[in-house]
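Heads up, the thing below is written out as structure tokens.
The values are calculated or read from the model by the stated rules, or taken from the named source; none is laboratory data. Given the structure is predicted, the values throughout are model-derived calculations rather than measurements. Note that we place each Cβ from the backbone using ideal geometry, even for glycine, and neighbour counts take in every protein chain shown. To get the accessible areas, we keep the full protein, side chains included, count just its heavy atoms, and leave off ligands, DNA and RNA. Shrake-Rupley method; radii C 1.70, N 1.55, O 1.52, S 1.80 Å.
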Amino acid sequence: MRWLKLLSLLFLGSAPTAAVAVDALNGRIAAITAEDWALSGLEVALEFGETLAAEIRIDLLVLPAAKLSLRDTLVTCRRFDITLEEARCRDAIFTVVLPGAGRETFSGEVSHRFTSGTTRFTLRDLPLAEGHVWLHGTASETRLDLEFRGEGLQLAALAAMGAEIDSGLGAWSAAGTASASGALALESGAVSGVSLHAELGDASVSNESGTVVAEALRARLDVTASESAAGYDFTSRFFADAGEAYVEPFYANVNEHALTFELDGFRHSAGDLEFTRFNFTQASLIEAAGTLSIRVPQSEDAETLVSGSVQLQQSSVEAIYSGLLQVFLAGTIAGSLETEGTVAGNMTFDKNALLHADLFLSSVTVNDMDQRFSVSGLEGEIHWPGPAGVVEDLKPSRLDWQSASVYAIPLQAGELVAALGGDDLRLLETLRIPAMGGALVVNRLVVKDYGKDDASGLLDATLEPVQLGQLSSAFGWPAFSGTLGGQLPMMQYNDGVLTVGGSLRANAFGGGIEFANLRLEQPFGLVPRLSGDLRLRRLDLEQLTNTFSFGLIQGRLSGDVTGLDMVSWRPVAMDLSLYTTVDDSSRKRISQRAVENLASVGGGGAAAALSSGFMKFFQEFSYTRIGLRCVLADGVCAMSGAGPAGENAFGQGYYIVKGSGLPRIDVVGYRHQVSWTELVRQLGSITASGPPVVN
């Protein structure tokens, strides 16, 4: 501090002599400029009495390295001692205008050794950020060593001060309290070493972009750093046991699980970071360690690049999913999950790309909040060797589970053995998944470019007959009898579309059901779309109507559904035709309740005849044929039946039931346009209640 030396020499030269009596001495220096500081408007006033006193006023003091400018600074030295070796102000009062805080007054002392050129100073109870700071420093021509301690500091006030010094800090907001202590060393205006111990209480901090947010945080931070040839070596430790913190993309709630984060490494002069050791622990939830290299972008359009390795000890799947993965998976099928269990393993990265991963799962449970899938009791190991393609000698990945479900279809325990590589998967052993009294047997499974827009796959599987009663129960339908089975040869997935080369056949209600030309778009997306055809052949109407509590109908029923198009599992288009089998020689009878229900569906007039005259005494009637057709488009069914029935006061009719014999009754429909939603509601009320509602 050359100006102190200059002032000291001035004081020595101004000391009173026996020949001349001097009571006061004043002087002014317009400006002084040094390598690391500059001042202007320096005024000095000396008073000679029983003790020597001094007053120093500085209009402007600029410290470029600290981005700090102090205006109208006043130092009152009530006791000034000066010798040939040292000048010392033992009882000083400092008045300083601090950025963001206004004019503050505090006490201290300062001394300068002429022989060594060293200046020492102490500042006591410096009011800062609504708290108090103690400073002690030693300065020479090229070096400054500073020790500090601050208590009761308000983070909001510190943020305001920081914004005054650096406009970039104005994007930060803060609240809460802090205390801090440590040391700082500067050489030639640059930081050569630093140590810091800080404690935060109920701290809330956030930046304008929301990439860093902390709420009600109670934490401790310890940092040491020293200058080296390449930059700065540093070590740091952060501990928090209350509050929440988000540093994109990491989130942690530490109210119940304390968090510890330790780092050793160095910072290159260009800004790049090398973590030679890091350790992240959150109580019993997560423990990860490893090394990382972070390349800081040199331009706005460049991205931060991360490379390194991570070793994960047995850690909570839920903590990793909610604290890290969920933000990346938002909007995907895995964007909203309930998870349990633990995972361990190791991973390597290069420039943000995953190069290798070995993961070991234990007692894992995954439940989709949208109820599309779930798995529990998941155990096993996943080996991903990197971007190389799937080859035969890759280490197999094995997963087994106790139970699972897909779209409410319950699945029993199974084991998957596959090879992973790049974005590909190849099944290595036949996969058998028992379900509903049968099983899905996957003989071949190949997936290419998983997770990409052009993903594709091939599946060759067999569905061993499953019980339709269990399937209908899973979907909340009435209990069916019979089985569903068939071949799924060459099921292929390309561009988000699943197609089946074969057909699925079911034996139910004493007849056959066949699904053909199945096509499923975005099967795990938010809006899946299913299309295909359905054929019903010779179903036993007595079994069918008893199942749905529709009213007794005897005979055989066939039907076709062509052009079926379902969006989010709701039909939006189809041509549905139901008809009694032509060559059926079995007994054909229909109950009064079934007549009423069919009449209500078609808007016919038969129901009125049942409630009057001698027809009301009969419980069953004979018929020759039954037919009903719905062509669905734009939410409306175009209705027709087993043939035209002529025209009357109700309009042009169509037969739903063509009667025969005695007593004879015809069910004729007159509604040619029916809302699909209303039709489904009406059918639902028929099967779920007793007597039908007749329209």
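Checked against (1) closer than 30 Å to Gln326 by Cα; (2) out of contact with any Leu (no Cβ under 8 Å at 6 or more places or on another chain); (3) open to solvent by 30 Å² or more (accessible area, probe 1.4 Å); (4) part of a strand (DSSP E or B), Ser226 passes all but a single condition, namely (1).
If the condition is being of a type outside the set (S, T, N, Q) and surrounded by fewer than 18 Cβ atoms within 10 Å (Cβ to Cβ), then the stretch 76-92 contributes Arg78, Arg79, Asp81, Leu84, Glu85, Glu86, Arg90, Asp91. Of all residues in the stretch 642-656, those that are open to solvent by 30 Å² or more (accessible area, probe 1.4 Å), at negative phi and in a strand (DSSP E or B) total 6.
Filtering the stretch 551-603 to residues that are outside any loop (DSSP other than H, G, I, E, B), open to solvent by 50 Å² or more (accessible area, probe 1.4 Å) and among the hydroxyl-bearing types (Ser, Thr, Tyr) leaves Thr562, Tyr579. Scanning the stretch 657-674 for residues that are assigned to a strand (DSSP E or B) and out of contact with any strand residue (DSSP E or B) (no Cβ under 6 Å at 6 or more places or on another chain) yields one hit, Arg664. Tally time: how many residues in the stretch 280-302 are among the hydroxyl-bearing types (Ser, Thr, Tyr) and farther than 17 Å from Ala353 by Cβ? Summing the residues that are among the hydroxyl-bearing types (Ser, Thr, Tyr) and farther than 17 Å from Ala353 by Cβ in the stretch 280-302 gives 3.
Which of the residues belonging to the stretch 125-139 are on the phi < 0 side of the Ramachandran plot, free of Cβ contacts under 8 Å to residues at least 60 places away in the same chain and either open to solvent by less than 70 Å² (accessible area, probe 1.4 Å) or among the hydrophobic types (A, V, I, L, M, F, W, C) (or both)? Passing the criteria: Leu126, Pro127, Leu128, Gly131, Val133, Trp134, Leu135, His136, Gly137, Thr138.
Residue by residue through the stretch 149-172, note down the ones that are of a type in the set (S, T, N, Q) and either crowded, with 16+ Cβ neighbours inside 10 Å or closer than 10 Å to Gly131 by Cβ (or both). Before the answer, list the steps.
Within the stretch 149-172, the subset of a type in the set (S, T, N, Q) is 154, 167.
Scanning the stretch 149-172 gives a single hit, Gln154.
Tell me yes or no: at least one residue of the stretch 523-543 is of a type outside the set (Val, Ile, Thr), in a strand (DSSP E or B), open to solvent by less than 20 Å² (accessible area, probe 1.4 Å) and under 18 Å from Val657 (Cβ atoms). Walk me through it before giving the result.
First pass over the stretch 523-543, keeping only residues of a type outside the set (Val, Ile, Thr): 523-526, 528-543.
From the residues that got through so far, the ones that are in a strand (DSSP E or B) too are 529-540.
This time we only want the ones that are open to solvent by less than 20 Å² (accessible area, probe 1.4 Å), so: 532, 539.
Imposing the further condition that a residue be under 18 Å from Val657 (Cβ atoms) reduces the set to 539.
Yes: one or more hits.
Screening Asn352 against (1) open to solvent by 50 Å² or more (accessible area, probe 1.4 Å); (2) on the phi < 0 side of the Ramachandran plot; (3) modelled with pLDDT under 85 leaves a single unmet condition, (2).
In this structure, Gly451 does not qualify as touching a strand residue (DSSP E or B) at 6+ places or on another chain (Cβ under 6 Å) and modelled with pLDDT under 85.
For the stretch 286-326, which residues satisfy the criterion of being small (Gly, Ala, Ser), assigned to a strand (DSSP E or B) and within 28 Å of Arg267 (Cβ to Cβ)? Once the filter is applied, which keeps residues that are small (Gly, Ala, Ser), assigned to a strand (DSSP E or B) and within 28 Å of Arg267 (Cβ to Cβ), the stretch 286-326 yields Ala288, Ala289, Gly290, Ser293, Ser307, Gly308, Ser309. Among the residues examined, Ala506 does not qualify as surrounded by fewer than 16 Cβ atoms within 10 Å (Cβ to Cβ) and farther than 23 Å from Arg681 by Cβ.
Test of understanding: among Ala190, Ala185, which residue is over 17 Å from Ala129 (Cβ atoms), modelled with pLDDT under 95 and surrounded by fewer than 16 Cβ atoms within 10 Å (Cβ to Cβ)? Even if it seems obvious, please write down each step before you answer.
Details: Ala185 fails: surrounded by fewer than 16 Cβ atoms within 10 Å (Cβ to Cβ).
None of the other options fit; the residue is Ala190.
The residue that is modelled with the lowest pLDDT, among those in the stretch 241-285 that are closer than 21 Å to Met347 by Cβ, assigned to a strand (DSSP E or B) and of a type in the set (Asp, Glu), is Glu274. When Ala214 is tested against (1) out of contact with any Leu (no Cβ under 8 Å at 6 or more places or on another chain); (2) of a type outside the set (Ser, Thr, Tyr); (3) open to solvent by 40 Å² or more (accessible area, probe 1.4 Å); (4) within 19 Å of Gly243 (Cβ to Cβ), just one condition goes unmet, and that condition is (3).
The set of residues in the stretch 263-293 being among the basic types (Lys, Arg) and buried (at least 17 other Cβ atoms within 10 Å of the Cβ) consists of Arg267 alone.
The residue of the stretch 485-503 that is farthest from Leu557 (Cα to Cα), among those that are open to solvent by 60 Å² or more (accessible area, probe 1.4 Å) and part of a strand (DSSP E or B), is Asn494.
Give the number of residues within the stretch 444-457 that are surrounded by fewer than 15 Cβ atoms within 10 Å (Cβ to Cβ) and assigned to a strand (DSSP E or B).
Step one: list which residues in the stretch 444-457 are surrounded by fewer than 15 Cβ atoms within 10 Å (Cβ to Cβ), which gives 449-454.
Still in the list and also assigned to a strand (DSSP E or B): none.
Qualifying residue count, the stretch 444-457: 0.
Looking for something open to solvent by 60 Å² or more (accessible area, probe 1.4 Å), within 22 Å of Asp423 (Cβ to Cβ) and touching a residue at least 12 places away in the same chain (Cβ under 8 Å) - is there at least one such residue anywhere in the stretch 303-312? Within the stretch 303-312, one or more residues are open to solvent by 60 Å² or more (accessible area, probe 1.4 Å), within 22 Å of Asp423 (Cβ to Cβ) and touching a residue at least 12 places away in the same chain (Cβ under 8 Å).
This table checks each residue for (1) touching a His at 6+ places or on another chain (Cβ under 8 Å); (2) assigned to a strand (DSSP E or B).
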site: Val375; (1), (2): no, yes
site: Lys395; (1), (2): yes, no
site: Asp400; (1), (2): no, yes
site: Ser405; (1), (2): no, yes
site: Glu415; (1), (2): no, yes
site: Leu420; (1), (2): yes, yes
site: Ile433; (1), (2): no, yes
site: Ala439; (1), (2): no, yes
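Of all the listed residues (Thr115, Thr122, Thr95, Thr142), the sole one being of a type outside the set (Asp, Glu), farther than 18 Å from Ser181 by Cβ and surrounded by 14 or more Cβ atoms within 10 Å (Cβ to Cβ) is Thr95.
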